[in-house]
Each structure stands twice: as structure tokens, then as C-alpha cells.
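The values are calculated or read from the model by the stated rules, or taken from the named source; none is laboratory data. The structure presented is a predicted model; accordingly, all values stated were derived computationally and were not measured. Cβ atoms come from the backbone with ideal geometry, glycine included; neighbour counts cover every protein chain shown. In case anyone asks, the SASA skips ligands and DNA or RNA and just uses the protein heavy atoms, side chains included. Shrake-Rupley method; radii C 1.70, N 1.55, O 1.52, S 1.80 Å.
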Amino acid sequence: MRKRDLQNTVAVFKREFLAYFNSPVLYVIVVIFLLAAMGFPFFFSRILDSEDVALTERFFVWHPWIYTVLAPAVGMRLWSEEHRLGTIELLLTMPVSPWQAILGKFFAAACVWLIGLTLTFPIVWTVCYLGNPDMGPIISGYIASYLYALACLSVTCAVSAITRSQVVCFIVSVAFCIVIALIGDPGVTHTIVSTVPSWAEGVVRFVSYFSFMDHFYELTKGIFVFRDVLYFLSVIVVTLFITNQALRSKRA
């Protein structure tokens, strides 16, 4: 990336990142995320009543469902807001390429989730105080959680570039994230496999491979599999490419 391109990307990043702090949206979403991410393990998973201090089944297990709703809430304004304010035409006529704008906006939203995940450190401190947990699954769990959040965010970014309405963007993004999560749920997969003909079983299992859930759970086990990391990175790249194509069509 040339120096000028990097400067443009950083300029868009600063603009978007500061916009989050100037809006109550950031604070509301981060607070809701912290309440959900740290409240569910204590009230539903009963983490304090268990002798097992591992966080995989009591802390990280809730993250995909939290991101399904909150990631679209963060990302729905990325391009829909530009449409609403009528500034997207101005942005696209400036000496900033669509890719520079996309990366700047995406990294700004990604930093919101980095802040949210960082603020969950008290639960790690708690389990370390209560026992001697294996840090491998905790580290890989945080990596999996962040990648899942970015995947949901990139999907929302693509939807936001296509639609002018933040509400429509939010609903469509949530629906898509739910579907892409459920197709890999073991219970859902088993139910579908038991109802379809035997020749279609391979197709069902092939489709389930593209679920976020399958790759997420593999990473939270403490086994850092590059295949799963590559999957999430591929989803992010593909959806950002779709965003780029949508913006270029508007620019034309």
C-alpha cells in the first residue's frame, strides 16, 4: 500500500472512530455487550457453582448469539448513515478510493469490538483467582470470538452498502447471521440429516461446513487450527469485496 493510500485509509478510520465516541451508540452497545457477555456465564451457566473453570462452555459459548444482534447494530451505520445524510456521493467523489473508505470504516468498527472484548478481562481474572485454568483455550477463545465478531461485522458492512435504511440493514444482517450460525448447529444438522434422503446427507454436511459456528467452536477448544482462521478471514475478504463492488456500482 502506497503512503498516500495509507494516509487516506487512516483519515477515514479516524473520522469513523471518533464518530463512534461522539455518539451514544458506542457506549450503549459496549455496555449491553458487557452485561450479556459477563452476565450470562454467572446467571445461566452458573460458572461460580462449577469446579470447572474453563471458559469455553460457560463464557465463549454465548458470544456468537450476542454478536448476531450487536455486530449488526454497530455495522448498520457504516454506509446506511452515509446514504441517509447524502454524504456518500461526496465521499466517493473525493480522492479516496472505495477500498480505502471500506478499510477505514471497517477497522474503526473492528476497534469497537476490540474495546468491548478487552473490557471482559474481569471474568478471566475471576477464573484465574478461583482455579488454575488452561490459558490455551482462553487465548484461542478470544481469537475465535473476535474473528466471529468481525465476520458478522463484515456481513453487515456489505448489506449496509446495498441498502439505504439502517433498520432494513439491521434486520437483514441479523437474519443472515442467524442462518449462517444455525446451519452449523449440531442439533439442526442432525435433524435435517435425519429427514432428507441418504444421497443428500453429504450436501447437508457440506453446507454446514460454511457455518460460523463450526469453525468458532473448533478454535475455542484451545487447538489453533489455521483452517478455521483462514475461513473467517476469507469471509471477511469476500464480504468486503462485495461491499467494494456495491460502492463502485453507485460511483459509476
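Points to keep in mind about this one:
- Evaluation of PHE210 against (1) outside any helix (DSSP H, G or I); (2) under 29 Å from PHE121 (Cα atoms) (one fails), failing number: (2)
- For the range 174-192, the criterion of a residue being under 28 Å from VAL25 (Cβ atoms), of a type in the set (Phe, Trp, Tyr) and open to solvent by less than 80 Å² (accessible area, probe 1.4 Å) is satisfied by no position.
- Pair list, Cβ < 6 Å and 6+ apart or interchain, from the range 21-40 residues that are under 10 Å from ILE66 (Cβ atoms) to residues that are part of a helix (DSSP H, G or I) and of a type outside the set (A, V, I, L, M): PHE33/GLY116; PHE40/TRP62
- The condition (being surrounded by fewer than 20 Cβ atoms within 10 Å (Cβ to Cβ), on the phi > 0 side of the Ramachandran plot and either modelled with pLDDT under 85 or among the charged types (D, E, K, R) (or both)) is satisfied by just one residue among GLY131, GLY86: GLY86.
- Being modelled with pLDDT of 90 or more and either part of a helix (DSSP H, G or I) or under 21 Å from LEU182 (Cβ atoms) (or both) holds for only one residue in LEU92, LEU150, and it is LEU150.
- Looking only at the range 44-83, and only at residues there that are of a type in the set (A, V, I, L, M) and over 30 Å from LEU18 (Cα atoms), the one that is modelled with the highest pLDDT: VAL61
- When we screen SER234, SER211, SER165, SER198 for residues that are out of contact with any helix residue (DSSP H, G or I) (no Cβ under 9 Å at 6 or more places or on another chain), among the hydroxyl-bearing types (Ser, Thr, Tyr) and modelled with pLDDT under 90, the only hit is SER198.
- Some residue of the range 186-202 being small (Gly, Ala, Ser) and touching a residue at least 60 places away in the same chain (Cβ under 8 Å): no
- Matching residues, the range 140-154, being open to solvent by less than 10 Å² (accessible area, probe 1.4 Å) and among the hydrophobic types (A, V, I, L, M, F, W, C): ALA144, ALA149, ALA151, CYS152, LEU153
- The number of residues in the range 218-235 being crowded, with 19+ Cβ neighbours inside 10 Å and either outside any helix (DSSP H, G or I) or not charged (D, E, K, R) (or both) comes to 5.
- Among all positions in the range 91-101, there is at least one residue which is of a type in the set (A, V, I, L, M, F, W, C), over 30 Å from GLY222 (Cβ atoms) and crowded, with 20+ Cβ neighbours inside 10 Å.
- Inspection of the range 1-19 identifies no residue that is open to solvent by less than 60 Å² (accessible area, probe 1.4 Å), assigned to a loop (DSSP other than H, G, I, E, B), at pLDDT 80 or above and under 22 Å from CYS152 (Cα atoms).
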